[in-house]
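Worksheet: one structure, shown below.
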Amino acid sequence: MSTAIVAAPKIRQTNMFIGGKWQESRGGKRFPTLNPVNETVIAEIAQGNEADVDAAVKAARAAFETGLWSKMDARDRGRLMNKLADLMEANLEELAALESLDNGKPIRDARAADLPLAIDCLRYYAGWADKLTGDVIPIRGNYFCYTRREPVGVVGQIIPWNFPILMAAWKWGPALASGCTIVMKPAEQTPLTCLRLAELAQEAGFPDGVINVVTGYGETGAAMVRHPGIDKIAFTGHYETAQKIMVDAAKTLKRLTFELGGKSPNIVFADADLDAAVAGAEFGLFFNQGQCCCAGSRLFVEQSIHDEFVSKVVDRAKSRQLGDSLDPNTTQGPQVDADQFNKILSYIDKGKAEGAKCLTGGSRFGNKGFFIEPTIFTEVNDEMSIARDEIFGPVMSILPFKNTDDIIARANNTYYGLAAAVWTRDVQKAHRVAASVRAGTIWVNCYDVFDAAAPFGGFKMSGSGRELGEAALANYTELKTVTMSLG
Ligand code: ADP
(Lines give C-alpha, C1' and ligand atoms only; values in the text may rest on other atoms or scores of the structure.)
Protein backbone atom coordinates (compact mmCIF):
# COMPACT_ATOMS: atom_id res chain seq x y z
CA MET A 1 0.00 0.00 0.00
CA SER A 2 1.40 3.41 -0.94
CA THR A 3 2.29 5.84 1.85
CA ALA A 4 1.53 8.95 -0.24
CA ILE A 5 -1.35 11.21 0.79
CA VAL A 6 -4.43 9.89 -0.93
CA ALA A 7 -6.24 12.17 -3.38
CA ALA A 8 -9.80 13.08 -2.40
CA PRO A 9 -12.15 10.91 -4.46
CA LYS A 10 -14.72 12.30 -6.86
CA ILE A 11 -18.18 12.81 -5.37
CA ARG A 12 -20.53 10.91 -7.63
CA GLN A 13 -23.93 11.22 -5.99
CA THR A 14 -25.48 13.98 -3.90
CA ASN A 15 -29.14 13.11 -4.53
CA MET A 16 -31.29 10.51 -2.82
CA PHE A 17 -31.74 6.98 -4.09
CA ILE A 18 -35.45 6.18 -4.27
CA GLY A 19 -37.02 3.39 -6.30
CA GLY A 20 -33.82 2.90 -8.28
CA LYS A 21 -33.63 6.59 -9.31
CA TRP A 22 -31.44 9.43 -8.12
CA GLN A 23 -33.80 12.15 -6.93
CA GLU A 24 -33.61 15.75 -5.72
CA SER A 25 -35.49 16.53 -2.54
CA ARG A 26 -39.13 17.40 -3.21
CA GLY A 27 -38.57 20.38 -0.87
CA GLY A 28 -35.65 21.59 -2.99
CA LYS A 29 -33.34 22.00 0.03
CA ARG A 30 -29.75 20.87 0.40
CA PHE A 31 -27.36 20.62 3.34
CA PRO A 32 -23.57 20.64 3.42
CA THR A 33 -21.33 17.77 4.43
CA LEU A 34 -17.95 18.99 5.70
CA ASN A 35 -14.41 17.71 5.66
CA PRO A 36 -13.59 17.71 9.40
CA VAL A 37 -9.87 18.06 8.66
CA ASN A 38 -10.24 21.62 7.38
CA GLU A 39 -13.95 22.49 7.83
CA THR A 40 -14.54 23.01 4.11
CA VAL A 41 -17.71 21.88 2.35
CA ILE A 42 -17.24 18.64 0.41
CA ALA A 43 -20.69 18.58 -1.19
CA GLU A 44 -24.27 19.83 -0.81
CA ILE A 45 -26.60 16.90 -0.26
CA ALA A 46 -30.34 16.65 -0.95
CA GLN A 47 -32.26 17.26 2.28
CA GLY A 48 -35.07 14.75 2.50
CA ASN A 49 -38.48 15.84 3.76
CA GLU A 50 -41.70 13.97 4.55
CA ALA A 51 -42.65 13.67 0.88
CA ASP A 52 -39.27 12.14 0.07
CA VAL A 53 -39.61 9.67 2.92
CA ASP A 54 -43.09 8.83 1.69
CA ALA A 55 -41.77 8.20 -1.84
CA ALA A 56 -39.00 5.98 -0.49
CA VAL A 57 -41.42 4.02 1.68
CA LYS A 58 -43.77 3.54 -1.28
CA ALA A 59 -40.90 2.25 -3.41
CA ALA A 60 -39.78 -0.13 -0.65
CA ARG A 61 -43.37 -1.23 -0.04
CA ALA A 62 -43.96 -1.93 -3.71
CA ALA A 63 -40.76 -3.96 -3.92
CA PHE A 64 -41.82 -5.88 -0.83
CA GLU A 65 -45.44 -6.53 -1.78
CA THR A 66 -44.62 -7.78 -5.26
CA GLY A 67 -42.36 -10.37 -3.67
CA LEU A 68 -39.64 -9.15 -6.00
CA TRP A 69 -37.16 -9.54 -3.19
CA SER A 70 -38.75 -11.62 -0.43
CA LYS A 71 -39.88 -14.36 -2.80
CA MET A 72 -36.82 -14.30 -5.01
CA ASP A 73 -34.97 -17.60 -4.77
CA ALA A 74 -32.98 -17.25 -1.56
CA ARG A 75 -29.81 -18.36 -3.33
CA ASP A 76 -30.18 -15.54 -5.83
CA ARG A 77 -30.65 -13.06 -3.01
CA GLY A 78 -27.47 -14.35 -1.45
CA ARG A 79 -25.71 -14.14 -4.81
CA LEU A 80 -26.66 -10.46 -5.20
CA MET A 81 -25.42 -9.68 -1.73
CA ASN A 82 -22.13 -11.36 -2.54
CA LYS A 83 -21.96 -9.40 -5.78
CA LEU A 84 -22.34 -6.17 -3.81
CA ALA A 85 -19.53 -7.33 -1.49
CA ASP A 86 -17.37 -8.05 -4.55
CA LEU A 87 -18.02 -4.57 -5.93
CA MET A 88 -17.11 -3.04 -2.57
CA GLU A 89 -13.89 -4.99 -2.64
CA ALA A 90 -13.16 -3.88 -6.20
CA ASN A 91 -13.77 -0.24 -5.15
CA LEU A 92 -12.18 -0.52 -1.72
CA GLU A 93 -9.65 2.27 -2.21
CA GLU A 94 -12.28 4.73 -3.39
CA LEU A 95 -14.73 3.83 -0.61
CA ALA A 96 -12.02 4.04 2.04
CA ALA A 97 -10.96 7.47 0.81
CA LEU A 98 -14.56 8.67 0.70
CA GLU A 99 -15.17 7.44 4.24
CA SER A 100 -12.00 9.05 5.47
CA LEU A 101 -12.81 12.35 3.74
CA ASP A 102 -16.38 12.59 5.06
CA ASN A 103 -15.83 11.25 8.57
CA GLY A 104 -12.22 12.26 9.25
CA LYS A 105 -11.09 8.76 10.21
CA PRO A 106 -7.53 7.81 9.23
CA ILE A 107 -7.41 6.21 5.80
CA ARG A 108 -5.34 3.37 7.28
CA ASP A 109 -8.26 2.46 9.57
CA ALA A 110 -10.85 2.74 6.80
CA ARG A 111 -8.72 0.41 4.67
CA ALA A 112 -7.85 -2.09 7.38
CA ALA A 113 -11.00 -2.13 9.50
CA ASP A 114 -14.15 -0.42 8.23
CA LEU A 115 -14.12 -1.72 4.66
CA PRO A 116 -12.99 -5.32 5.30
CA LEU A 117 -15.48 -5.68 8.17
CA ALA A 118 -18.32 -4.25 6.08
CA ILE A 119 -17.55 -6.56 3.16
CA ASP A 120 -17.27 -9.53 5.49
CA CYS A 121 -20.62 -8.67 7.06
CA LEU A 122 -22.45 -8.70 3.70
CA ARG A 123 -20.82 -12.01 2.77
CA TYR A 124 -21.71 -13.52 6.13
CA TYR A 125 -25.40 -12.61 5.73
CA ALA A 126 -25.42 -13.61 2.07
CA GLY A 127 -24.77 -17.09 3.43
CA TRP A 128 -27.80 -16.85 5.70
CA ALA A 129 -30.27 -16.01 2.92
CA ASP A 130 -31.06 -19.68 2.20
CA LYS A 131 -30.77 -20.90 5.78
CA LEU A 132 -33.76 -19.29 7.47
CA THR A 133 -35.51 -22.42 8.63
CA GLY A 134 -38.44 -22.99 10.97
CA ASP A 135 -39.27 -25.79 13.40
CA VAL A 136 -41.67 -28.70 13.41
CA ILE A 137 -43.42 -28.60 16.78
CA PRO A 138 -45.00 -31.67 18.42
CA ILE A 139 -48.27 -30.20 19.74
CA ARG A 140 -51.10 -32.01 21.50
CA GLY A 141 -53.66 -33.71 19.19
CA ASN A 142 -53.57 -34.90 15.62
CA TYR A 143 -51.92 -31.88 14.04
CA PHE A 144 -48.91 -30.96 12.01
CA CYS A 145 -47.50 -27.74 13.47
CA TYR A 146 -44.58 -25.85 12.07
CA THR A 147 -43.07 -22.38 12.10
CA ARG A 148 -41.93 -20.18 9.25
CA ARG A 149 -39.67 -17.17 9.48
CA GLU A 150 -41.00 -14.42 7.28
CA PRO A 151 -39.55 -10.98 6.62
CA VAL A 152 -40.83 -8.15 8.83
CA GLY A 153 -41.52 -6.08 5.72
CA VAL A 154 -40.27 -2.56 5.02
CA VAL A 155 -37.57 -1.58 7.46
CA GLY A 156 -36.37 1.92 8.31
CA GLN A 157 -32.71 2.00 9.25
CA ILE A 158 -31.21 5.09 10.86
CA ILE A 159 -27.47 5.09 11.36
CA PRO A 160 -24.83 7.32 12.96
CA TRP A 161 -21.69 8.95 11.60
CA ASN A 162 -18.91 7.11 13.48
CA PHE A 163 -18.73 4.02 11.21
CA PRO A 164 -20.93 4.99 8.26
CA ILE A 165 -20.20 2.18 5.82
CA LEU A 166 -19.88 -0.47 8.51
CA MET A 167 -23.18 0.52 10.11
CA ALA A 168 -24.85 0.37 6.70
CA ALA A 169 -23.51 -3.17 6.19
CA TRP A 170 -24.54 -4.27 9.71
CA LYS A 171 -28.06 -3.10 8.93
CA TRP A 172 -28.39 -4.14 5.29
CA GLY A 173 -26.93 -7.65 5.80
CA PRO A 174 -29.58 -9.23 8.06
CA ALA A 175 -32.43 -7.20 6.51
CA LEU A 176 -31.61 -8.29 2.97
CA ALA A 177 -30.96 -11.91 3.95
CA SER A 178 -34.39 -11.98 5.62
CA GLY A 179 -36.15 -10.64 2.54
CA CYS A 180 -36.98 -7.17 3.90
CA THR A 181 -36.83 -4.03 1.80
CA ILE A 182 -35.02 -0.99 3.12
CA VAL A 183 -35.27 2.74 3.60
CA MET A 184 -31.98 3.91 5.10
CA LYS A 185 -31.04 7.30 6.44
CA PRO A 186 -27.33 7.86 6.93
CA ALA A 187 -26.19 10.50 9.41
CA GLU A 188 -26.19 14.08 8.16
CA GLN A 189 -22.45 14.37 8.89
CA THR A 190 -21.51 11.38 6.71
CA PRO A 191 -23.91 10.57 3.86
CA LEU A 192 -21.35 9.97 1.10
CA THR A 193 -20.39 6.30 1.41
CA CYS A 194 -23.99 5.18 1.92
CA LEU A 195 -24.97 6.88 -1.35
CA ARG A 196 -22.04 5.24 -3.12
CA LEU A 197 -23.06 1.86 -1.67
CA ALA A 198 -26.55 2.33 -3.08
CA GLU A 199 -24.99 3.00 -6.47
CA LEU A 200 -22.94 -0.19 -6.19
CA ALA A 201 -26.05 -2.14 -5.15
CA GLN A 202 -27.74 -0.96 -8.33
CA GLU A 203 -24.70 -1.99 -10.33
CA ALA A 204 -24.81 -5.41 -8.64
CA GLY A 205 -28.36 -5.82 -9.91
CA PHE A 206 -30.56 -5.27 -6.86
CA PRO A 207 -34.12 -4.68 -8.09
CA ASP A 208 -35.45 -1.11 -7.84
CA GLY A 209 -36.99 -0.28 -4.48
CA VAL A 210 -35.21 -2.98 -2.48
CA ILE A 211 -32.69 -0.48 -1.11
CA ASN A 212 -33.60 3.21 -0.81
CA VAL A 213 -31.50 5.94 0.75
CA VAL A 214 -32.93 9.22 2.02
CA THR A 215 -30.55 11.85 3.32
CA GLY A 216 -31.16 14.61 5.84
CA TYR A 217 -31.13 15.61 9.48
CA GLY A 218 -32.96 14.09 12.44
CA GLU A 219 -36.32 15.35 11.20
CA THR A 220 -35.96 13.12 8.12
CA GLY A 221 -35.38 10.18 10.45
CA ALA A 222 -38.37 11.23 12.55
CA ALA A 223 -40.56 11.22 9.40
CA MET A 224 -39.49 7.61 8.84
CA VAL A 225 -40.36 6.68 12.41
CA ARG A 226 -43.85 8.19 12.08
CA HIS A 227 -44.55 6.71 8.65
CA PRO A 228 -47.23 3.98 8.84
CA GLY A 229 -45.72 2.18 5.83
CA ILE A 230 -42.59 1.21 7.76
CA ASP A 231 -42.86 -1.97 9.84
CA LYS A 232 -39.70 -1.72 11.83
CA ILE A 233 -37.03 0.79 12.81
CA ALA A 234 -33.45 -0.23 13.48
CA PHE A 235 -31.54 2.63 15.02
CA THR A 236 -27.98 3.21 16.13
CA GLY A 237 -27.16 6.44 17.92
CA HIS A 238 -27.70 8.35 21.13
CA TYR A 239 -30.06 6.98 23.77
CA GLU A 240 -31.95 10.28 23.93
CA THR A 241 -32.75 9.94 20.22
CA ALA A 242 -33.89 6.35 20.88
CA GLN A 243 -36.25 7.68 23.56
CA LYS A 244 -37.81 10.06 21.02
CA ILE A 245 -38.05 7.24 18.50
CA MET A 246 -39.88 5.04 21.04
CA VAL A 247 -42.43 7.78 21.58
CA ASP A 248 -42.88 8.48 17.86
CA ALA A 249 -43.12 4.76 17.04
CA ALA A 250 -45.78 4.06 19.65
CA LYS A 251 -48.63 5.16 17.41
CA THR A 252 -47.90 2.54 14.76
CA LEU A 253 -46.41 0.01 17.20
CA LYS A 254 -43.35 -0.46 15.05
CA ARG A 255 -40.84 -3.10 15.92
CA LEU A 256 -37.77 -1.38 17.35
CA THR A 257 -34.16 -2.39 17.83
CA PHE A 258 -31.56 -0.06 19.26
CA GLU A 259 -27.81 -0.04 19.50
CA LEU A 260 -26.93 2.90 21.72
CA GLY A 261 -24.05 4.28 23.72
CA GLY A 262 -21.81 3.04 26.47
CA LYS A 263 -19.38 3.89 29.23
CA SER A 264 -17.49 0.67 29.03
CA PRO A 265 -15.22 -0.51 31.83
CA ASN A 266 -11.80 -1.74 30.75
CA ILE A 267 -10.44 -3.61 33.78
CA VAL A 268 -6.74 -4.35 34.17
CA PHE A 269 -5.66 -6.67 36.97
CA ALA A 270 -2.11 -6.62 38.32
CA ASP A 271 -1.42 -10.13 36.97
CA ALA A 272 -2.16 -9.12 33.34
CA ASP A 273 0.35 -9.02 30.51
CA LEU A 274 1.02 -5.35 31.10
CA ASP A 275 2.20 -4.36 27.64
CA ALA A 276 -0.74 -6.09 25.97
CA ALA A 277 -3.12 -4.37 28.38
CA VAL A 278 -1.52 -0.97 27.73
CA ALA A 279 -1.87 -1.48 23.97
CA GLY A 280 -5.47 -2.63 24.47
CA ALA A 281 -6.23 0.40 26.63
CA GLU A 282 -4.89 2.76 23.98
CA PHE A 283 -6.69 1.02 21.12
CA GLY A 284 -9.87 0.50 23.13
CA LEU A 285 -10.22 4.20 23.78
CA PHE A 286 -8.42 6.21 21.10
CA PHE A 287 -9.38 4.11 18.07
CA ASN A 288 -11.64 6.10 15.74
CA GLN A 289 -10.84 9.27 17.74
CA GLY A 290 -12.72 7.81 20.71
CA GLN A 291 -15.93 7.86 18.67
CA CYS A 292 -16.95 4.28 19.45
CA CYS A 293 -20.05 3.29 21.37
CA CYS A 294 -17.99 0.57 23.05
CA ALA A 295 -14.94 2.75 23.84
CA GLY A 296 -13.16 1.64 27.00
CA SER A 297 -13.62 5.04 28.55
CA ARG A 298 -13.50 3.90 32.19
CA LEU A 299 -10.08 2.36 32.50
CA PHE A 300 -9.87 0.60 35.88
CA VAL A 301 -6.34 -0.37 36.88
CA GLU A 302 -5.48 -2.41 39.97
CA GLN A 303 -3.85 -0.20 42.57
CA SER A 304 -0.49 -2.02 42.72
CA ILE A 305 0.32 -1.42 39.02
CA HIS A 306 -1.45 1.90 38.64
CA ASP A 307 1.55 4.23 38.39
CA GLU A 308 3.56 2.01 36.04
CA PHE A 309 0.51 1.46 33.84
CA VAL A 310 -0.32 5.16 33.70
CA SER A 311 3.18 6.11 32.63
CA LYS A 312 3.14 3.52 29.81
CA VAL A 313 -0.27 4.51 28.53
CA VAL A 314 0.65 8.20 28.58
CA ASP A 315 3.71 7.43 26.45
CA ARG A 316 1.52 5.66 23.93
CA ALA A 317 -1.00 8.49 23.83
CA LYS A 318 1.80 10.96 23.15
CA SER A 319 3.05 8.88 20.24
CA ARG A 320 -0.22 9.09 18.30
CA GLN A 321 0.12 10.80 14.93
CA LEU A 322 -2.52 13.48 14.43
CA GLY A 323 -2.99 14.77 10.92
CA ASP A 324 -4.81 14.72 7.61
CA SER A 325 -7.09 11.70 7.55
CA LEU A 326 -6.01 10.95 3.97
CA ASP A 327 -2.36 10.65 5.02
CA PRO A 328 -1.59 6.94 5.54
CA ASN A 329 0.78 7.84 8.41
CA THR A 330 -2.00 9.44 10.44
CA THR A 331 -3.27 7.38 13.37
CA GLN A 332 -5.68 9.97 14.75
CA GLY A 333 -7.89 12.24 12.68
CA PRO A 334 -10.26 15.03 13.68
CA GLN A 335 -13.58 14.62 15.50
CA VAL A 336 -16.50 14.49 13.10
CA ASP A 337 -17.94 18.00 13.52
CA ALA A 338 -18.00 21.21 15.54
CA ASP A 339 -20.76 19.96 17.87
CA GLN A 340 -18.80 16.87 18.89
CA PHE A 341 -15.57 18.86 19.10
CA ASN A 342 -17.13 21.45 21.45
CA LYS A 343 -18.88 18.81 23.55
CA ILE A 344 -15.61 16.93 24.10
CA LEU A 345 -13.70 20.09 25.01
CA SER A 346 -16.42 20.99 27.50
CA TYR A 347 -16.05 17.55 29.14
CA ILE A 348 -12.30 18.09 29.36
CA ASP A 349 -12.99 21.42 31.11
CA LYS A 350 -15.45 19.70 33.45
CA GLY A 351 -12.90 17.02 34.30
CA LYS A 352 -10.36 19.69 35.24
CA ALA A 353 -12.94 21.70 37.20
CA GLU A 354 -14.10 18.60 39.11
CA GLY A 355 -10.54 17.96 40.28
CA ALA A 356 -9.22 15.24 37.94
CA LYS A 357 -5.58 15.54 36.89
CA CYS A 358 -4.95 15.95 33.16
CA LEU A 359 -1.65 14.15 32.50
CA THR A 360 -1.48 14.68 28.77
CA GLY A 361 -3.50 16.45 26.07
CA GLY A 362 -6.48 18.47 27.22
CA SER A 363 -6.67 20.91 24.31
CA ARG A 364 -7.41 21.42 20.68
CA PHE A 365 -4.66 20.27 18.33
CA GLY A 366 -3.67 22.83 15.68
CA ASN A 367 -5.90 25.70 14.67
CA LYS A 368 -7.98 24.29 11.87
CA GLY A 369 -10.23 21.24 11.73
CA PHE A 370 -11.77 19.46 14.69
CA PHE A 371 -8.64 17.87 16.15
CA ILE A 372 -8.36 17.14 19.88
CA GLU A 373 -5.19 15.94 21.58
CA PRO A 374 -5.25 12.44 23.05
CA THR A 375 -6.20 13.23 26.63
CA ILE A 376 -5.67 11.22 29.81
CA PHE A 377 -7.07 11.98 33.24
CA THR A 378 -6.02 10.37 36.52
CA GLU A 379 -7.30 11.05 40.05
CA VAL A 380 -10.77 10.48 38.67
CA ASN A 381 -13.55 9.27 40.95
CA ASP A 382 -16.70 7.39 39.97
CA GLU A 383 -18.96 10.38 40.49
CA MET A 384 -17.21 12.81 38.13
CA SER A 385 -19.00 13.57 34.90
CA ILE A 386 -16.00 12.30 32.87
CA ALA A 387 -16.45 8.92 34.57
CA ARG A 388 -20.22 8.79 34.14
CA ASP A 389 -21.16 10.33 30.79
CA GLU A 390 -20.36 9.10 27.33
CA ILE A 391 -17.86 11.65 25.94
CA PHE A 392 -17.37 10.05 22.51
CA GLY A 393 -13.92 11.50 22.12
CA PRO A 394 -10.22 10.85 22.82
CA VAL A 395 -10.54 11.31 26.58
CA MET A 396 -9.42 8.49 28.88
CA SER A 397 -10.22 8.35 32.58
CA ILE A 398 -8.00 6.07 34.66
CA LEU A 399 -9.41 4.89 37.98
CA PRO A 400 -7.57 2.65 40.47
CA PHE A 401 -9.31 -0.33 42.10
CA LYS A 402 -8.60 -2.65 45.03
CA ASN A 403 -10.00 -6.12 44.36
CA THR A 404 -12.44 -8.21 42.31
CA ASP A 405 -15.55 -7.52 44.44
CA ASP A 406 -14.87 -3.80 44.43
CA ILE A 407 -14.37 -3.69 40.66
CA ILE A 408 -17.46 -5.69 39.69
CA ALA A 409 -19.71 -3.35 41.67
CA ARG A 410 -18.04 -0.27 40.20
CA ALA A 411 -18.06 -1.61 36.65
CA ASN A 412 -21.82 -2.10 36.94
CA ASN A 413 -22.40 1.32 38.47
CA THR A 414 -23.64 2.83 35.19
CA TYR A 415 -26.89 2.98 33.29
CA TYR A 416 -25.07 1.65 30.24
CA GLY A 417 -24.18 -1.99 29.48
CA LEU A 418 -22.68 -2.28 26.03
CA ALA A 419 -19.22 -3.78 26.47
CA ALA A 420 -16.44 -4.42 28.95
CA ALA A 421 -12.96 -5.89 28.95
CA VAL A 422 -10.87 -7.67 31.53
CA TRP A 423 -7.12 -8.23 31.44
CA THR A 424 -5.76 -11.00 33.65
CA ARG A 425 -3.84 -14.29 33.49
CA ASP A 426 -6.16 -15.80 36.11
CA VAL A 427 -8.85 -17.83 34.32
CA GLN A 428 -11.13 -17.91 37.33
CA LYS A 429 -11.03 -14.14 37.72
CA ALA A 430 -11.65 -13.66 33.99
CA HIS A 431 -14.75 -15.88 34.03
CA ARG A 432 -16.04 -14.31 37.21
CA VAL A 433 -15.86 -10.81 35.75
CA ALA A 434 -17.28 -12.00 32.41
CA ALA A 435 -20.28 -13.51 34.19
CA SER A 436 -20.84 -10.59 36.56
CA VAL A 437 -20.50 -7.46 34.46
CA ARG A 438 -23.86 -6.58 32.94
CA ALA A 439 -22.87 -5.83 29.36
CA GLY A 440 -23.59 -7.33 25.95
CA THR A 441 -19.96 -8.05 25.06
CA ILE A 442 -17.03 -8.96 27.31
CA TRP A 443 -13.52 -9.05 25.88
CA VAL A 444 -10.89 -11.01 27.79
CA ASN A 445 -7.28 -9.99 27.13
CA CYS A 446 -8.34 -8.17 23.96
CA TYR A 447 -10.47 -5.19 22.95
CA ASP A 448 -12.74 -4.24 20.05
CA VAL A 449 -12.63 -7.68 18.47
CA PHE A 450 -15.55 -7.69 16.07
CA ASP A 451 -16.75 -10.42 13.76
CA ALA A 452 -19.89 -10.58 11.63
CA ALA A 453 -20.72 -13.94 13.26
CA ALA A 454 -20.58 -12.69 16.88
CA PRO A 455 -23.65 -10.87 18.27
CA PHE A 456 -23.23 -7.32 19.53
CA GLY A 457 -25.62 -5.13 21.50
CA GLY A 458 -26.48 -3.68 24.84
CA PHE A 459 -27.87 -4.44 28.26
CA LYS A 460 -29.68 -1.64 30.12
CA MET A 461 -29.72 1.74 28.35
CA SER A 462 -27.22 0.60 25.74
CA GLY A 463 -29.96 -0.83 23.58
CA SER A 464 -32.28 -3.68 22.80
CA GLY A 465 -31.91 -6.50 20.32
CA ARG A 466 -28.59 -7.69 18.94
CA GLU A 467 -26.75 -6.86 15.75
CA LEU A 468 -24.53 -9.33 13.89
CA GLY A 469 -24.54 -13.10 14.06
CA GLU A 470 -27.59 -15.29 13.77
CA ALA A 471 -29.18 -13.17 16.51
CA ALA A 472 -29.66 -10.17 14.20
CA LEU A 473 -31.91 -12.18 11.88
CA ALA A 474 -34.52 -12.22 14.65
CA ASN A 475 -34.76 -8.42 14.28
CA TYR A 476 -35.90 -8.77 10.68
CA THR A 477 -38.18 -11.80 10.78
CA GLU A 478 -41.65 -12.50 12.10
CA LEU A 479 -42.31 -15.99 13.36
CA LYS A 480 -45.42 -17.58 11.89
CA THR A 481 -47.01 -20.72 13.34
CA VAL A 482 -48.92 -22.97 10.95
CA THR A 483 -51.13 -25.69 12.43
CA MET A 484 -52.73 -28.23 10.12
CA SER A 485 -55.30 -30.83 11.09
CA LEU A 486 -54.28 -34.33 10.12
CA GLY A 487 -57.95 -35.44 10.16
P1 ADP B 1 -25.21 11.45 17.62
O2 ADP B 1 -25.47 12.21 18.89
O3 ADP B 1 -24.18 10.41 17.76
O4 ADP B 1 -25.08 12.31 16.40
P5 ADP B 1 -27.94 10.88 17.07
O6 ADP B 1 -28.75 9.91 17.86
O7 ADP B 1 -28.26 12.33 17.22
O8 ADP B 1 -26.46 10.53 17.40
O9 ADP B 1 -28.01 10.56 15.51
C10 ADP B 1 -27.98 9.26 14.98
C11 ADP B 1 -28.90 9.23 13.77
O12 ADP B 1 -30.23 9.50 14.20
C13 ADP B 1 -28.60 10.27 12.70
O14 ADP B 1 -28.82 9.67 11.43
C15 ADP B 1 -29.61 11.36 12.98
O16 ADP B 1 -29.93 12.18 11.89
C17 ADP B 1 -30.81 10.54 13.40
N18 ADP B 1 -31.80 11.25 14.24
C19 ADP B 1 -31.60 12.32 15.03
N20 ADP B 1 -32.75 12.68 15.64
C21 ADP B 1 -33.71 11.83 15.22
C22 ADP B 1 -35.10 11.65 15.50
N23 ADP B 1 -35.75 12.45 16.36
N24 ADP B 1 -35.76 10.64 14.90
C25 ADP B 1 -35.12 9.80 14.06
N26 ADP B 1 -33.82 9.91 13.75
C27 ADP B 1 -33.10 10.90 14.31
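The values are calculated or read from the model by the stated rules, or taken from the named source; none is laboratory data. Fair warning: this is a prediction, and the values are worked out from it, not measured in the lab. Positions of Cβ are generated from backbone atoms using ideal geometry, with glycine treated the same way; all protein chains shown enter the neighbour counts. Side chains are part of the model used for accessible areas, which takes the heavy atoms of the whole protein and leaves out ligands, DNA and RNA. Shrake-Rupley method; radii C 1.70, N 1.55, O 1.52, S 1.80 Å.
Descriptive notes on the structure:
- A count restricted to segment 236-260 and to residues that are touching a helix residue (DSSP H, G or I) at 6+ places or on another chain (Cβ under 9 Å) and of a type in the set (Asp, Glu) stands at 2.
- Test: residue in segment 259-266 that is without any contact (Cβ under 8 Å) to a residue 12 or more places away in the chain, near the ligand (Cβ under 10 Å from one of its atoms) and not polar (S, T, N, Q): no
- Of all residues in segment 176-194, those being closer than 22 Å to Gly153 by Cα and either more than 16 Å from the ligand (Cβ to nearest atom) or touching a residue at least 60 places away in the same chain (Cβ under 8 Å) (or both) number 9.
- Residue in segment 146-161 that is farthest from the ligand (Cβ to nearest atom), counting only those that are within 18 Å of Gly216 (Cα to Cα) and crowded, with 24+ Cβ neighbours inside 10 Å: Val155
- Flag for Asp135 being without any contact (Cβ under 8 Å) to a residue 40 or more places away in the chain, away from the ligand (no atom under 16 Å from the Cβ) and open to solvent by 30 Å² or more (accessible area, probe 1.4 Å): yes
- Qualifying residue in segment 464-487 (condition: modelled with pLDDT under 95, out of contact with any Gly (no Cβ under 6 Å at 6 or more places or on another chain) and assigned to a loop (DSSP other than H, G, I, E, B)): yes
- In the set Val214, Val210, Val225, only one residue is away from the ligand (no atom under 11 Å from the Cβ) and either among the hydrophobic types (A, V, I, L, M, F, W, C) or touching a Phe, Trp or Tyr at 6+ places or on another chain (Cβ under 7 Å) (or both); that residue is Val210.
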